[in-house]
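Asks: The structure that follows is given in the form of structure tokens.
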Amino acid sequence: MASAPEPEDGRELYALLHLSPDASDEEIRRAYRQFAQIYHPDKYQDPQMKDVATENFQRIRDAYEILSDENKRQIYDIYGMEGLNSGLELGPKLSKPEEIKEQLERLRRRKEEEKLFTHARSTGSIIANFSVPQYLDGYGIMRGMGMSSEVQLPVSKQNTVVFGGNLVVNGSAGTGAASTVLRHQLSSVSSIEFMATAGLRSVIGMQTFRQISPHSTATSGLAVSLRDGSINLSNAWTRQLTENAVGNIQLVLGTESSISVGWQKKDEKSSAAGEVKFGTNSFGASAHYTHRFSSKSHGRIAGRVGSTALDFEIGGGRQISEFSTVRMMYNIGIQGVSWRFELHRAGQKLVIPVLLSTDLNVLFVTSAFAIPSTLYFLLQTYVVKPYHLKREKQKTLEKMEGLSTQLTEARKAAKKAQKLLEPVSNRKKNRQLENNGLVITKALYGNHKKIKESSELNEINDDVASQVLDVTIPLNFLVTEAGQLKLHEGIKKSGIMGFYDPCPGDPKLLLVEYTFHGRKYKVMADDYEALLIPQDIHQS
């Protein structure tokens with residue numbers, strides 16, 4: 001069984017109650033009582049102080065309820081708060097951590113399977129063909145229309161059902177078909193599909209897929225026509241040629257036998273593909289190249305040549321939102337000159353081909369390409385690019401403002417928590433002063449680099465202050481009657497009551513200056529590093 005992931009919250013509950021991950025039940029109860037005496041709301045009459053106490057008392061009580069429950073504590077130790085908040089609940093009490101892990105994994109797998117039933121994936125497309133020459137001849141501008149849709153419904157981890165259908169209308173004639181596919185995952189390297197199609201071409205068939213090596217896959221298929229009983233056999237082989245390139249060969253035997261050889265290559269900036277196909281009644285070759293100018297825009301060229309086609313197209317597209325992309329292509333071929341507009345959004349596609357002319361007039365061909373290209377570049381330069389730059393700048397500012405607000409609120413909450421600790425912290429400090437014991441004179445927590453710099457300069461400027469928190473009060477509170485302070489290893493210090501994280505994502509450091517038996521000491525500790533004071537090696 002795979003090892004359990006480490007919790008990502010830095011064991012905040014242990015930090016909150018100032019406990020070691022190995023703390024006993026009695027130590028947990030003692031820590032809870034200590035903090036509950038400080039933060040119980042009934043101790044405060046001032047409404048603001050009462051609200052602060054209520055909020056922090058709730059945090060302490062929640063932490064105690066989890067750590068004092070054997071099952072919940074073991075889940076928290078293995079998976080952190082995510083494991084407790086995921087909705088997974090353990091049944092009968094289990095005595096061993098291994099049993100806890102196994103039960104939690106079973107429940108997690110069951111939850112994942114339940115999610116499969118509620119997440120169907122759908123794709124579809126609509127094609128609307130327009131013809132300007134047909135319109136100019138006195139007929140309707142709509143030449144034809146097609147629709148297709150497909151829904152993939154996972155019924156288990158190994159089985160997926162796919163329902164699909166299409167309708168095509170050209171003039172006064174139309175046709176359609178419906179299909180169903182059952183896909184079963186035999187193993188991590190092989191699968192099988194059973195397919196049935198009803199419509200103009202009613203077919204039943206099956207197809208198998210297998211990865212035959214780390215770089216090669218093979219696919220075999222069998223299809224039987226219910227109309228005339230004809231059989232088609234297909235075999236395809238794909239191989240990874242390089243890190244970014246794949247080659248494939250496909251052989252089809254039947255009423256329309258053919259063999260094709262293809263190649264695809266893709267990297268961060270571009271993609272390219274080509275194919276040559278020879279059949280009993282036809283032949284053809286095609287290729288396309290796409291280049292990404294940025295994360296949101298791309299250009300594309302493509303061409304086809306063969307017994308039934310001869311055309312060339314060029315164009316590009318742009319991402320207009322997180323899930324939407326628009327594209328325009330210019331096409332010239334034996335059928336004439338046309339534009340094609342496309343809208344792609346979250347698995348759905350709208351395609352609008354517009355036939356402009358069946359005559360290959362040089363002036364018209366040039367104009368049909370130059371006019372939209374010029375308009376695109378003008379819009380891109382003077383409208384779209386300035387707009388997106390403004391939006392990106394606005395989003396960055398909003399993100400920074402949001403983070404700044406969160407940090408401001410977190411600093412206020414830490415200061416309020418310290419205010420409630422202060423009376424007890426001062427009493428402990430005075431008691432240690434009377435006994436010539438351990439007194440924390442200065443403690444700073446925050447950005448590693450800034451604290452190092454302020455320690456060397458022995459001052460805190462405005463730039464440092466925003467990324468550093470004075471934690472002298474909470475550390476004096478944590479000093480024991482015996483005159484010791486211990487911070488446990490592997491526990492993030494920002495979780496300690498009266499602390500917060502002033503610089504999320506940056507390395508953090510704790511600087512402590514203290515006196516003990518009349519001598520001055522100084523020590524620094526990383527965020528997850530254990531700290532035990534006093535020690536002679538800390539003497540400054």
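Asks: So if each residue of separation counts as 0.36 nm, and I subtract the Cα-Cα distance between GLN319 and ALA287, what length gain in nm does that give?
Replies: Numbers: separation 32, 0.36 × 32 = 11.52 nm, distance 2.34 nm.
Going from the current span to full extension adds 9.2 nm.
Asks: Which entries in LYS412/LYS522; LYS390/LYS419; LYS429/LYS452; LYS416/LYS522 show an alpha-carbon gap greater than 32 Å? Walk me through the intermediate numbers first.
Replies: On the way: LYS412/LYS522 27 Å; LYS390/LYS419 43 Å; LYS429/LYS452 26 Å; LYS416/LYS522 27 Å.
Those over the limit are LYS390/LYS419.
Asks: In percent, how large is the relative contact order of the range 178-252, given Cα pairs closer than 8 Å and 6 or more residues apart?
Replies: This gives 19 percent for the range 178-252.
Asks: Evaluate the charge dipole of the chain about its Cα centre and quote only its size in Debye, nearest 20, assuming +1 on the Cβ of each Lys and Arg and -1 on the Cβ of each Asp and Glu.
Replies: Its charge dipole is roughly 780 debye.
Asks: Going by Cα centres, the range 512-530 and the range 405-451 are how many Å apart?
Replies: For the range 512-530 versus the range 405-451, the Cα centre distance is 14 Å.
Asks: What net charge do the residues around LYS385 carry, taking every other residue with its C-beta under 13 Å from that of LYS385, with Lys and Arg at +1 and Asp and Glu at -1? Don't skip to the answer; put the middle values down first.
Replies: On the way: positive: LYS296, ARG318, LYS390, ARG391, LYS393; negative: GLU392.
That works out to +4.
Asks: Which of the GluC sites (Glu not before Pro) found in the range 171-275 are loop residues per DSSP with 11 or fewer other Cβ atoms within 10 Å of their Cβ?
Replies: GLU243, GLU268
Asks: When the dipole is taken about the Cα centre of the range 382-540, and only Lys, Arg (+1) and Asp, Glu (-1) are charged at their Cβ, what size is it in debye, to the nearest 20?
Replies: 460 debye
Asks: List every DSSP H helix in the chain whose Cα atoms extend 20 Å or more along the helix's own long axis and whose mean Kyte-Doolittle hydropathy is at least -1.0.
Replies: In the chain, the long hydrophobic H runs are 47-67, 362-379.
Asks: Same structure, new question: Which number do you get for Rg(Cα) / (2.2 N^0.38 Å) in the range 326-398? Could you put the intermediate results ahead of the total?
Replies: Working: Rg = 16.7 Å, N = 73, 2.2 N^0.38 = 11.2 Å.
Rg over 2.2 N^0.38 Å, computed on Cα atoms: 1.49.
Asks: Further, regarding this structure: Can you give the accessible area per residue of the chain, in Å², using a 1.4 Å probe? Walk me through the numbers on the way to the answer.
Replies: Working: 32570 Å² over 540 residues.
Ligands and nucleic acids excluded, the result is 60 Å² per residue.
Asks: Please compute the Cα-Cα pair-distance distribution of the range 475-540 with 5 Å bins starting at 0, giving whole percents from short to long.
Replies: Pairs per bin, as whole percents: 4, 16, 26, 26, 16, 9, 3, 0.
Asks: Next up: Hand me the trypsin sites (Lys or Arg not before Pro) from the range 243-289 located in a DSSP loop with no more than 12 other Cβ atoms within 10 Å, in residue order please.
Replies: Of the trypsin sites (Lys or Arg not before Pro), the ones in loops of the range 243-289 whose Cβ has at most 12 other Cβ atoms within 10 Å are LYS269.
Asks: Separate question: In square nanometres, what is one fourth of the surface area of the convex hull spanned by the alpha carbons of the chain?
Replies: Seen from a random direction, the Cα hull of the chain projects 37.9 nm² on average.
Asks: Between SER187 and VAL155, what FRET efficiency comes out of the Förster formula 1/(1 + (r/R0)^6) with R0 = 22 Å and r the beta carbon distance, rounded to 0.05? If you can, show how the numbers build up before the last one.
Replies: Working: r = 18 Å, r/R0 = 0.82.
Rounded to the nearest 0.05, the efficiency is 0.75.
Asks: Counting only protein heavy atoms and using a 1.4 Å probe, what share of the accessible area of the chain belongs to carbon plus sulfur, as a whole percent?
Replies: About 56 percent, which is the carbon plus sulfur part of the accessible surface.
Asks: Could you tell me the distance between the Cα centroids of the range 317-334 and the range 160-232, to the nearest Å?
Replies: 29 Å
Asks: Which one, SER373, ASN361, SER321, projects farthest toward the positive side of the charge dipole computed for the range 317-390 from Cβ point charges (K/R +1, D/E -1)?
Replies: Highest projection toward the positive end goes to SER321.
Asks: Counting only DSSP beta bridges with both residues in the chain, tell me the antiparallel percent, nearest 5. Display every interim value, and only then the final one.
Replies: Values: 173 of 179 bridges.
Bridges in the chain that DSSP calls antiparallel: roughly 95 percent.
Asks: For LYS72, go through the lysines and keep the ones whose alpha-carbon is under 20 Å away, minus same-chain ones fewer than eight residues off.
Replies: Cross-link targets: LYS93, LYS96, LYS101, LYS111.
Asks: Turning to a different aspect of this structure: Nearest 20 debye, what's the magnitude of the dipole of the range 151-267 about its Cα centre given +1 on Lys and Arg Cβ and -1 on Asp and Glu Cβ?
Replies: With Lys and Arg at +1 and Asp and Glu at -1, about 160 debye.
Asks: Further, regarding this structure: At 0.36 nm per residue, minus the direct Cα-Cα distance, what do ALA173 and LEU84 gain on full extension? Give it in nm, one decimal, please. Intermediate results must be reported in sequence, preceding the final value.
Replies: Values: separation 89, 0.36 × 89 = 32.04 nm, distance 6.02 nm.
Here the answer is 26.0 nm.
Asks: So for the chain, taking the charge dipole from beta-carbon charges (+1 Lys/Arg, -1 Asp/Glu), which of ALA53, GLN134, SER258 sits furthest toward the positive end?
Replies: GLN134
Asks: Within the range 317-351, name every residue whose backbone N is under 15 Å away from a label modeled 7 Å from Cα of ASP359 along the Cβ vector.
Replies: Backbone N within reach: 336-337.
Asks: Give me the count of lysine pairs in the range 154-311 whose alpha carbons sit under 23 angstrom apart, restricted to pairs 8 or more positions apart or on different chains.
Replies: Here the count comes out as 5.
Asks: Right, something else. Could you sort GLU12, GLU434 by their accessible area in this structure, using a 1.4 Å probe and putting the largest first?
Replies: Working: GLU12 80, GLU434 150 Å².
Heavy-atom accessible area, descending, gives GLU434, GLU12.
The values are calculated or read from the model by the stated rules, or taken from the named source; none is laboratory data. Nothing here was measured: the structure is a model prediction, and the numbers come from that model. Quick reminder, even Gly has a Cβ in these numbers, built from the backbone with ideal geometry, and neighbours come from all protein chains shown. Areas reflect the complete protein model, heavy atoms only, side chains present, ligands, DNA and RNA absent. Shrake-Rupley method; radii C 1.70, N 1.55, O 1.52, S 1.80 Å.
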